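Asks: Starting off with a structure, shown below.
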Amino acid sequence: MTNTKEDLVVKALQQYTTCDVSDALVKLKHRNGGFLSGLTMWSPHRQEGATKIVGPAYTVQYVPLSDPRPQYPTHYIDDVPKGSVLFVSAPAKTPNAIYGGLMSTRAKALGAAGSVIDGRFRDVQEQRDMGYPIFARDVGTAPPAELLKVVAVNVPVKLQTDEQDMTINPGDYIIADINGVVVLPKDLAEQALPLMAKHVEADTKMQVAMEGGMGFAEASKKFRG
């Protein structure tokens, strides 16, 4: 792998949690610190362990069959870029699953970092058996074809919730761990990374001081400023 700018950002992000990323984005006044509500870890474990995925978003947009746009001509899963995070979007409250075990089999073979499903997915045990990271809104059993179709790949997609107004753009960095899922806009990455380093350093010093008996307010003033 060549050391492209994107690769270097992904490498740098590996050392930070989603909370660290959000803290930096809040300082940059980015809405909700990039947090994407309602998306949690389902595989390889359910909200347990140190699993973390980081990579540029490869977005997939599902819409109702009634949408006038034509169906995407090929299967999106065969074009997943190595190192990317699939972000699959479906209309809110769709009861059918939009992603399954065979999709992860292909994504893993192509070198994807993991998948984030803004909707339901299925084949939970199959996903876990292959150790493939899945973050999703919920689970389901039925496939999507009776209700939905894919119309676009690598286009901006909206988070499907009424809690937030968030957009995920192709190439934005997706970071996901036990705390949740965060999107770091690609044009903010270079500004955010130094803030993450500074914040983590300050919090580490605060923790040591507080373990030694210093109060929170004092430690915060001393190390966070």
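The values are calculated or read from the model by the stated rules, or taken from the named source; none is laboratory data. Values in this document were obtained by computation on a predicted structure and should not be read as measured data. When we count neighbours, we look across all protein chains shown, and the Cβ atoms used for this are built from the backbone with ideal geometry, even at glycine. Only protein heavy atoms, including side chains, enter the accessible area calculation; ligands, DNA and RNA are left aside. Shrake-Rupley method; radii C 1.70, N 1.55, O 1.52, S 1.80 Å.
Asks: From zero up to wherever the largest Cα-Cα distance of segment 20-90 sits, split into 5 Å bins and tell me the percent of pairs in each.
Replies: 3, 11, 14, 19, 19, 15, 10, 6, 1
Asks: Here's something else I'd like to know. State, as an integer percentage, the relative contact order of the chain based on alpha-carbon contacts under 8 Å between residues 6 or more apart. The partial results should precede the final answer.
Replies: Details: 455 pairs, mean separation 63.1, N = 225.
Computed value for the chain: 28 percent relative contact order.
Asks: For residue 196, what charge total do you get from the other residues with a beta carbon under 11 Å from its beta carbon, if Lys and Arg give +1 and Asp and Glu give -1?
Replies: Details: positive: 27, 198; negative: 20, 23, 201, 203.
Value of the local net charge: -2.
Asks: What does the charge add up to near residue 103, with Lys and Arg as +1, Asp and Glu as -1, over the other residues with Cβ less than 11 Å from its Cβ?
Replies: Working: positive: 106, 108, 122; negative: 78, 123, 126.
Charge balance near residue 103 sits at 0.
Asks: For the chain, modelled as a GNM with alpha-carbon contacts under 10 angstrom, which of 207, 164, 125 fluctuates the most?
Replies: 207
Asks: Within the accessible area of segment 161-220, what % is carbon and sulfur when the probe is 1.4 Å and the other protein chains stay in place? Could the numbers behind the result be given before it?
Replies: On the way: 1600 of 3040 Å².
Solvent-exposed carbon and sulfur of segment 161-220 make up 53 percent of the total.
Asks: Once amide H atoms are built 1.01 Å from N in the peptide plane, which residues 5 or more positions from residue 139, or in another chain, come under 5 Å H to H?
Replies: For residue 139, the qualifying residues are 121.
Asks: So between residue 162 and residue 109, what do we pick up on full extension, going 0.36 nm a residue minus the alpha carbon distance? Show your work: numbers first, answer last.
Replies: Working: separation 53, 0.36 × 53 = 19.08 nm, distance 3.48 nm.
Net length gain for the segment: 15.6 nm.
Asks: Here's another thing I want to ask about it. Taking only protein heavy atoms and a 1.4 Å probe, what accessible area per residue, in Å², does segment 1-130 have with all protein chains in place?
Replies: Values: 6410 Å² over 130 residues.
That works out to 49 Å² per residue.
Asks: I've got another one for you. Each residue of segment 4-12 in turn: what ³J(HN,Hα) in whole Hz from Karplus with 6.51, -1.76, 1.60 and θ = phi - 60°, glycine and Pro shown as x?
Replies: 6, 4, 4, 4, 5, 5, 4, 4, 5
Asks: Subtract the Cα-Cα distance of residue 67 and residue 27 from 0.36 nm times their separation in residues, and report this length gain in nm to one decimal. Mind showing how you got there, number by number?
Replies: Working: separation 40, 0.36 × 40 = 14.40 nm, distance 3.92 nm.
Full-extension gain reported as 10.5 nm.
Asks: Then there is this: From the P(r) of segment 133-212, could you give the percentage of C-alpha pairs in the tail past 20 Å? Intermediate values should be presented prior to the final figure.
Replies: On the way: 1792 of 3160 pairs.
Taking all Cα-Cα pairs of segment 133-212, the fraction more than 20 Å apart is 57 percent.
Asks: If one computes P(r) from the Cα atoms of segment 1-61, what percent of pairs lie at distances over 16 Å? Could you put the intermediate results ahead of the total?
Replies: Values: 1114 of 1830 pairs.
Of the Cα pairs, 61 percent sit more than 16 Å apart.
Asks: Long-range amide H contacts for residue 87: which residues qualify at under 5 Å (H placed 1.01 Å from N, peptide plane, sequence gap of 5 or more or a different chain)?
Replies: The answer is 58, 59, 60, 116.
Asks: Quote the relative contact order of segment 67-127 in percent (integer), defining contacts as alpha-carbon pairs under 8 Å separated by 6+ residues.
Replies: Values: 81 pairs, mean separation 25.4, N = 61.
Relative contact order comes out at 42 percent.
Asks: Another question, if that's okay. Excluding same-chain pairs closer than 8 in sequence, count the lysine pairs in segment 1-89 whose Cα atoms lie under 20 Å apart. Mind dumping the intermediate values first?
Replies: Numbers: 5/82; 11/52; 11/82; 52/82.
Lysine pairs meeting the criterion: 4.
Asks: Give the residue from 71, 24, 135 lying farthest towards the positive end of the charge dipole for the chain; charges sit on Cβ (+1 for Lys and Arg, -1 for Asp and Glu) and the dipole is referred to the Cα centre.
Replies: Value computed over the given set: 24.
Asks: How much mean residue ellipticity at 222 nm does the chain get from its helices, if each DSSP H run of length 4 or more adds -39500 (n - 2.57) and you divide by all residues, to the nearest 500 deg cm²/dmol? Present the calculation step by step, with values, prior to reporting the outcome.
Replies: Values: 6 runs with 61 residues, N = 225.
Mean residue ellipticity at 222 nm (helix-derived): -8000 deg cm²/dmol.
Asks: Quote the charge dipole size of segment 48-190 about the Cα centre in Debye, to the nearest 20; the model charges only the Cβ of Lys and Arg (+1) and of Asp and Glu (-1). If you can, show how the numbers build up before the last one.
Replies: Details: 13 positive and 17 negative charges, 60 e Å.
The dipole of segment 48-190 has a size of about 280 debye.
Asks: Subtracting the Cα-Cα distance from 0.36 nm times the residue separation, let me have the gained length for residue 217 to residue 202 in nm, one decimal. Don't skip to the end; give the middle numbers.
Replies: Working: separation 15, 0.36 × 15 = 5.40 nm, distance 1.34 nm.
The residue 217-residue 202 span can extend by a further 4.1 nm.
Asks: Only residues of segment 118-137 count here: report those whose backbone N is under 17 Å from the spot 7 Å along Cα→Cβ of residue 102, or say none.
Replies: 121-127
Asks: Only Cα pairs under 8 Å and at least 6 apart count here; give the relative contact order of segment 125-225 as a rounded whole percent.
Replies: On the way: 56 pairs, mean separation 12.9, N = 101.
Over segment 125-225, the number comes to 13 percent.
Asks: Could I ask something else about it? How compact is segment 71-185 by the rule of thumb for globular proteins, expressed as Cα Rg over 2.2 N^0.38 Å?
Replies: Details: Rg = 13.3 Å, N = 115, 2.2 N^0.38 = 13.4 Å.
Ratio of Rg to 2.2 N^0.38 Å for segment 71-185: 0.99.
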